[in-house]
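A quick write-up on the structure given underneath.
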Amino acid sequence: MTCNKERFDDLPSAAVRALFAAAAIMAGRTGTLRALLIRWRSYRYRFVPWIALNLAQKRRTTRHVSKDSQDKIISDTVVWDTLMKFFQALIINHFRDDFVLPPEAIRAKYEALYTSHQTAGNGPKQSIFVPGEILFATLGFSINRRTSSLISAGIGVFVSKGSVPKGAVVAMYPGTVYQKHEPIFFQSIGNPFIFRCIDGILIDGNDKGISKAVYRSCSRRDQLGPFKMSDVTWLTSCPWNPLAVGQYVNNCSTDRAANVCYQEFDVLEDFPLELRQYLPNINYSHDTEGPLRCVVLVALRDIKEGEELLSNYYTVVH
């Protein structure tokens, strides 16, 4: 609202003050409405009435499967092999750090791989690489977080180097894993990063506030001597596992189709103990029986360098 000063010279000063006060109130209300709109755009994906009204109208932004068992794009074996390949490359890279002293049994287990990596270098010892470089060297691409290409979508995830082939694991959804009966009310307040699995298991991927504190606490609780049972570095700006940014992948739009989809994956008890330090998930309860639930994002098509990853926030099971 603009005011021409010359038009108000003849008005009493009290009237002028009242007029400008009203203008300030209007501006304040506009700012409040704008802030509420931004929060609504994030929250609406968890508001059941809005979901019910929009699913039928926007089929392009939903994913349909005929039954639970057909939700998987790739087999669990492919997911397992991908994670093992990348995690092994990460732990070998840690062996190059003079300040990292793994147990002798663990070093012996990876001695052949470690030696082959050394031989491939140009000297007796290779340099220590950042995780993103290891991701590119191992899987042929790297990803990072930056401002989304979608309007008002906040942070997004992009392919920063290389290309992602169709069917490849391109990211992981980090966070604390809650069974259906476990308390998550306070963590869920104002939290747009809670992922619901088909069977009702929840993953809290928020890296701030009470969610962050809960994850750190559970991770410290489950540590076995020198072995960490989960990765806490995804809570920082420099994660050990650069795949653990799946919570920042934005929903597709009516004019931009999804290029990745979520796929649930259960980490069985025989997963190598020393590689669990790269898993960005931890159970809320220490006595939870059964495998650890993880969620990976799988490429639906070839994704080129510079493209933003876009997913379907909704999977409809018929």
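Among all positions in the stretch 203-224, there is no residue which is over 19 Å from LEU292 (Cα atoms), of a type outside the set (Ser, Thr, Tyr), touching a Gly at 6+ places or on another chain (Cβ under 6 Å) and surrounded by 16 or more Cβ atoms within 10 Å (Cβ to Cβ). Restricting attention to the stretch 285-307, the residues that are in contact (Cβ under 8 Å) with a residue 60 or more places away in the chain and surrounded by fewer than 20 Cβ atoms within 10 Å (Cβ to Cβ) total 11. Just so you know, in the stretch 208-237 the residues that are touching a Pro at 6+ places or on another chain (Cβ under 9 Å) and touching a residue at least 60 places away in the same chain (Cβ under 8 Å) include one that is nearest to PHE185 (Cα to Cα), and it is TYR215.
Restricting the first member to the stretch 160-188 and to residues that are surrounded by 15 or more Cβ atoms within 10 Å (Cβ to Cβ), and the second to residues that are assigned to a helix (DSSP H, G or I) and of a type in the set (Val, Ile, Thr), the beta-carbon pairs closer than 7 Å and six or more apart or on different chains are VAL169/VAL79; VAL169/THR82; THR176/VAL214; GLN187/ILE210; GLN187/VAL214. Please state which one of SER211, SER237 is under 21 Å from HIS286 (Cα atoms), among the hydroxyl-bearing types (Ser, Thr, Tyr) and assigned by TED's automatic domain parsing to the domain that holds ALA105. Residue meeting the stated conditions: SER211.
The values are calculated or read from the model by the stated rules, or taken from the named source; none is laboratory data. Not measured: the values here are computed from a predicted model. Quick reminder, even Gly has a Cβ in these numbers, built from the backbone with ideal geometry, and neighbours come from all protein chains shown.
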